[in-house]
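Working notes, structure below.
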Amino acid sequence: MADNKLQAVKLDSDEYQRFWLNLWDAKATRWDKGDVSPALRELISEKHWQLPNGQGIVPGCGRGYDAMFLASPSLHMVGADISPIAVETATKLRDTKQIPSSLVEFKELDFFSFDVPRDKYQVAYDYTFFCALHPSMRARWGERYAEIMAPGGHLIALMFPLDKQPEDRDIGPPFLLSKDEYHRVLDENFELIHYDPKCKTHDDRAGVEVITVWRRK
Ligand SMILES: C[S@@+](CC[C@H](N)C(=O)[O-])C[C@H]1O[C@@H](n2cnc3c(N)ncnc32)[C@H](O)[C@@H]1O
C-alpha cells in the first residue's frame, strides 16, 4: 500500500493524521485501485445484498469510488476523509460522472470526532481504513462505529490485509489484521451476519480480503 520507507514508519495516534495529509500532498496514494472494490460490487450488484435505506458513510473514503457506488435515491452517502485533497478529488470525480450531490457528498471529517447526525447512519463501508490506523486505535475504531451507527444498521467491512501469523503487527500502514481482531473490537455492539471468504478481490489482494457485514445491535 505504501513504499518501503513508509512501511517502516511506526504511527501513533498523535502523528497519524499528519502522516496521511503528507501522503496526499506528495500524491503517494499507492493504495488507490482506481475503482470500486470488486467484493463490494459483487455483494450489492450480483448477490443483491439488501441495505437499509437512509444515510451511509465511508470513512477514509480516498477518491470516493465506493461511496459513489453505494449512493442511491434511498441511500444518501457521505464520503469522509481528513485530507482536503482527497475530498476535492472525489468531488471532482463525482461531478465528472455527473452524479448529483443529493446522492453523495464528500466531506473533510475526522472519523473520530465529527458531529454525528441525529438519525445516525444506517450503512457504513470500511475498506483500507481499519488497517490504516495504528493498532492502539482499534478499540476506539469499534466504539466509534457503535456511536455513529443506528440500531439495525449495516457495517460492511472488507477485511484487509488478513494474515494468520503476521510477523510484526505494529509496523504499517497497512497494519496486518485478522478475523479475530475485527471480532475483538466489534462483537460487543455488532453481530456478524455475513462472511464470504470466497468474495471477489483485487488481483493482487487475493487471499487477504474477506467481505463481511456486521449488524448494529
Ligand atoms: C489507505 S487510504 C484508503 C482510501 C480508500 N478507502 C481506498 O481504498 O482507496 C486511508 C484513507 O483514510 C484517510 N484517513 C486517515 N485517518 C482518517 C480519519 N481519522 N478520518 C477520516 N479519514 C482518515 C486518509 O487520508 C486516507 O485517504
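Quick notes on this one:
- Note that the chain presents 48 Å² accessible area per residue, ligands and nucleic acids not counted, probe 1.4 Å.
- Protection proxy ranking, highest mean first, for peptides 176-183, 47-54: 176-183, 47-54, where packing is the per-residue count of other beta-carbon atoms within 10 Å, averaged.
- Residue-level accessible surface for VAL116, protein heavy atoms, 1.4 Å, Å²: 50 Å²
- Residue with peak Gaussian network fluctuation, the chain [Cα springs, cutoff 10 Å], from ASP119, ASP204, ASP170: ASP204
- Fraction of accessible area attributable to carbon and sulfur, the stretch 4-216 (%, probe 1.4 Å): 46 percent
- Given charges at Cβ of Lys, Arg, Asp, Glu: the chain dipole, positive-most of PRO52, SER178, TRP214: PRO52
- Binned Cα-Cα distances of the stretch 116-189, short to long, each 5 Å bin given as a whole percent: 3, 16, 27, 26, 15, 8, 4, 1, 0
- DSSP beta bridge pairing in the chain, given as percent antiparallel to the nearest 5: 40 percent
- Mean separation of Cα pairs under 8 Å and 6 or more residues apart, divided by the residue count, gives the chain a relative contact order of 22 percent.
- Positive dipole terminus of the stretch 4-216, leading residue within TRP20, PRO100, VAL87 (C-beta point charges): PRO100
- Shape category assigned to the chain from the gyration tensor of Cα positions, a/c cut at 1.5: rounded
The values are calculated or read from the model by the stated rules, or taken from the named source; none is laboratory data. What you see is a predicted model; the values in this text were computed from it and never measured. Methodologically, a virtual Cβ is constructed for each residue, glycine included, from the backbone with ideal geometry; neighbour enumeration extends over all protein chains shown. Side chains are part of the model used for accessible areas, which takes the heavy atoms of the whole protein and leaves out ligands, DNA and RNA. Shrake-Rupley method; radii C 1.70, N 1.55, O 1.52, S 1.80 Å.
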